[in-house]
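The values are calculated or read from the model by the stated rules, or taken from the named source; none is laboratory data. As the structure is a computational prediction, the values presented were derived from the model and not from experiment. Cβ atoms come from the backbone with ideal geometry, glycine included; neighbour counts cover every protein chain shown.
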Amino acid sequence: MLKLFNTLTGRQEVFEPMEPKHVRMYVCGVTVYDYCHIGHARSALVFDVLRRYLEYSGYTVTFVKNFTDVDDKIIKRANEQGINCETVTQKFIQAYHDDMARLGVRPASVEPKATEHMAEIIELTETLLRKGLAYQVEGDVYFDVAQYPAYGALSKRKLEDLQAGARVEVDERKHNPMDFALWKKSKPGEPAWESPWGQGRPGWHIECSAMSIRHLGETFDIHGGGMDLIFPHHENEIAQSCGATGQPFAKYWVHNGFVQINKEKMSKSLGNFFTIREIFEKSDWSEEVTGEILRYFLLSTHYHGPLDFSGQALKEAKNALNGFYDLFGRLAESDNTARADAELDLRIGRCQTGFRTAMDDDLNTPAALAALQGLRSDVNKLVGGGLSNEGRKSARQVFRVLGAVMGLFQLERWDFNVRVEPKPAEIVITTFAPTATVARKQMTDAEVESKVAERVEAKKKKDFQRADKIRAELKSLGITVEDKPDGTSRWKR
């Protein structure tokens, strides 16, 4: 039975969704003004694995993860580049998808944008004004935290302590220094939308409330994100959502820990700040990094604690994966003996129990990996004692099934010289090179599907030379093709 640590209550709780066998989950996504960093990778991976494990456990998961595509940072980046905000956000939404594809993070069920939900944002703000929980000042609208007595329940902070520690506010129009913006009056040159309070744009916090309520309802099962979002973002979400609807917002609040670089806080000022693509492309790592290496490393520490990122840790992750794929190569060899088959069944059962126990314990991925490592060791010994071809297939299938929950062990063989390259956006804009450049054309999904279908047909006709040629062509474009037992194939970038 799955237990999750609930930040709201401060303890582990048995997970019981509001609807039988259906989980509704919202995770705060990125503000799309720059490339994703290793902290974003960790958060994305944590909730990808949570979703996968829920599905493995028999649940249907409706997973919503948003894009904040209107924000001060986006406006600043657009002004720096001399382009409009939409060009910036389109570029970095595509970059996000490219980075997540490299990591094997599946797209959410719904990926809403703030700019597509202005009607819901305005309606929610109007409700808060009508209930006396917000007030208008010269085109700006603020949430009045003094009118919401439960403020601070998530972060375990008292309003009076927050007020005492608040800096002197520039905006003296606020009733309280802790009041936060629901709607901002637009400045010249900024993107703006019509509202009952004049031209303006939403505050950051109201966007997530409006989008989550729109796609999951007033109350849903899981709300997640990094620990840095607990206060003020998630605290403010709770206040405005519960204040508007009169209902509980999310039942379980799940937060992942921070990433450190060589035991120091990750910071641009310290020069230890890495984007996901820099990790893949950095030439001075001791080991070449693939998506699966980075994924294995990120799962080797419990999601709730801090994670220390280093080149040595990546090397250890590669060595561990190499051990698994060496075994998978041995399991692909033929053997007609079955002396160790009965023992294999016992070892598999022990691994499955250990894996499930670990994952039920607040998604304890290090312990789950340990269970798989134990089975790897056992099977290596049993192969030497004689495993039938059927036993070998069974062993490999267990690694595939349990590995899929972690997003691991799905390749036919381990090749560290093959990396899934991102699909560049048509316009490349970077922090370091403001000049836009036109990227090379990539194969569309439809074109890849056509090539894969052509390869399947070639294999049916036993034209293996043609099939191998197509596979090599796709591989050169960073596309991996995996053959399934039923004769079909699947692919990924």
Of all residues in the range 185-227 being of a type in the set (A, V, I, L, M) and surrounded by 24 or more Cβ atoms within 10 Å (Cβ to Cβ), which is nearest to residue 129 (Cα to Cα)?
206
Condition test on residue 326, is it farther than 24 Å from residue 100 by Cα and buried (at least 17 other Cβ atoms within 10 Å of the Cβ)?
no
Go through the range 304-314 and give me each residue that's under 23 Å from the mean Cα position of the chain (by Cα) and of a type outside the set (A, V, I, L, M).
304, 305, 306, 308, 309, 310, 311
So residue 9, is it at pLDDT 95 or above and within 28 Å of residue 152 (Cα to Cα)
yes
Cβ-Cβ under 7 Å pairs, at least 6 apart or on other chains, the range 1-29 side small (Gly, Ala, Ser), far side in a loop (DSSP other than H, G, I, E, B) and surrounded by 15 or more Cβ atoms within 10 Å (Cβ to Cβ):
29/66
Can you run down the residue pairs with Cβ atoms below 8 Å, 6 or more apart or on separate chains, where the first is in the range 46-57 and among the hydroxyl-bearing types (Ser, Thr, Tyr) and the partner is not in a loop (DSSP other than H, G, I, E, B)?
53/359; 53/405; 56/404; 56/405
Looking at 156, 91, which one is among the basic types (Lys, Arg) and surrounded by fewer than 22 Cβ atoms within 10 Å (Cβ to Cβ)?
156
For residues that are more than 18 Å from residue 370 (Cβ to Cβ) and surrounded by fewer than 20 Cβ atoms within 10 Å (Cβ to Cβ), tally how many sit in the range 390-403.
6
Being crowded, with 21+ Cβ neighbours inside 10 Å and either among the acidic types (Asp, Glu) or part of a loop (DSSP other than H, G, I, E, B) (or both) is the filter here, so list the residues in the range 20-38 that pass it.
28, 29, 30, 32, 33, 36
Residue within the range 273-282 that is of a type in the set (Ser, Thr, Tyr) and surrounded by fewer than 18 Cβ atoms within 10 Å (Cβ to Cβ) present
no
Options 469, 462: the member that is part of a helix (DSSP H, G or I), modelled with pLDDT of 50 or more and basic (Lys, Arg)
469
Has the range 356-369 got any residue that is over 15 Å from residue 53 (Cβ atoms), in contact with a helix residue (DSSP H, G or I) (Cβ under 9 Å, 6 or more places away or on another chain) and at pLDDT 95 or above?
no
